[in-house]
Amino acid sequence: MKVAITGANAGIGLRAARLLASEGHQVIALCRSVERGRSALGDVENVEVRQLDLSSRASVQDAAAAIVADGPLDALINNAAVFDQSQRRAVITADGHESFWQTNHLGPFEFTARVSGALAAARSPRVLFVGSKGIITMPRIRIRYEALDSPDWYSPTRGYYHSKLAQTMTAVHLAELAGPALSVACLRVPAVRLDADRLAAQPALLRALYAPKNRAAADPATIAGIYRNLIADGTPRAADAVYVDEHRKPVALPRFAAGPTERARLWSETSAIVGAPEWHFDGVRA
């Protein structure tokens, strides 16, 4: 199986890349920094490190074009995301978007669309999106269509869960549109232990506040194993079984994500923002 994994140089993505490669799968490790990716994965067989910065549309398009040129892609794991609690003010990317929104939602949406030709050429393609269990702490969260990139309401927590809500909605809507042609899952990931270097890079106060949570958090290697299990099961899921917990059991969608009208609106508006890329599955439109 040929698998592309975004954010494969650290955390769950790194463990998933190592695990899949150790089982003989061909892994394309997509990293914002090729140097860091090679440093983390350089001694692992069956892995090719490539550059992908999801906060840059140019990088998304270049990386996708290279994958499509390589032929069929069996699976895509949309693992990469940014959640920097020290980023107290909104950062606007060169493309004009709030950085969490572009990195965690717009980038994965466009990248998935642009590699859909390679996925469609595979015998049993599958895509894994990554949600967050933490979203249950924000039951009233909604998509801010009127202010998607506005810094006025931004905080790291709001920006992160806003983008994760969007990814969850995208996964379910894609499953509905593609039907049996594509297996789609969205894993509701619980709190996961940070690698020591990532924890050390946080300001001292955040390190102290996060330390107890980090000790109790899930082992990233365990979640990587769930990634592997979800993409190994290529059976298409019904829309109400796309969103699953760490036990691979279907769980209720966030309230705002539950409505098909809102999911369709988000899909349409996201597609327009990223230039209406072509999808290569019957029933899936820009």
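Looking at (1) polar (S, T, N, Q); (2) outside any helix (DSSP H, G or I); (3) crowded, with 24+ Cβ neighbours inside 10 Å, which is the only condition S163 fails?
Here S163 clears every test but (2).
Out of all the residues in the range 78-91, is one or more among the hydroxyl-bearing types (S, T, Y) and either out of contact with any Leu (no Cβ under 8 Å at 6 or more places or on another chain) or without any contact (Cβ under 8 Å) to a residue 60 or more places away in the chain (or both)?
For the range 78-91, residues among the hydroxyl-bearing types (S, T, Y) and either out of contact with any Leu (no Cβ under 8 Å at 6 or more places or on another chain) or without any contact (Cβ under 8 Å) to a residue 60 or more places away in the chain (or both): absent.
Within the range 252-275, how many residues are surrounded by 14 or more Cβ atoms within 10 Å (Cβ to Cβ) and assigned to a loop (DSSP other than H, G, I, E, B)?
Here the count works out to 3.
Return the only residue of I77, I67, I141 being within 15 Å of the chain's Cα centre (by Cα), surrounded by 17 or more Cβ atoms within 10 Å (Cβ to Cβ) and either at pLDDT 95 or above or closer than 30 Å to N229 by Cβ (or both).
Step by step, each of I77, I67, I141 is checked, and only I77 is within 15 Å of the chain's Cα centre (by Cα), surrounded by 17 or more Cβ atoms within 10 Å (Cβ to Cβ) and either at pLDDT 95 or above or closer than 30 Å to N229 by Cβ (or both).
At least 3 residues that are more than 22 Å from A286 (Cα to Cα) in each: list the strands (runs of 3 or more DSSP E) lying fully within the range 10-120 that qualify.
26-31, 47-51
Go through the range 276-286 and report how many residues are surrounded by 15 or more Cβ atoms within 10 Å (Cβ to Cβ) and within 14 Å of A175 (Cβ to Cβ).
So the answer is 3.
Taking C186 and the conditions (1) more than 30 Å from A121 (Cα to Cα); (2) modelled with pLDDT of 95 or more; (3) buried (at least 19 other Cβ atoms within 10 Å of the Cβ), which numbered condition does it fall short on, given that it satisfies the others?
Every listed condition holds for C186 apart from (1).
Determine the pairs where a residue that is touching a residue at least 40 places away in the same chain (Cβ under 8 Å), located within the range 175-188, has a partner that is of a type in the set (S, T, Y) and assigned to a strand (DSSP E or B) with Cβ atoms under 7 Å apart, the partner being 6 or more residues away or on another chain.
C186/Y243; R188/S132; R188/Y243
The values are calculated or read from the model by the stated rules, or taken from the named source; none is laboratory data. Everything numeric here is computed off the predicted structure, so don't read it as measured data. In this analysis, Cβ positions are derived from the backbone assuming ideal geometry, glycine residues included, and neighbour counts consider all displayed protein chains.
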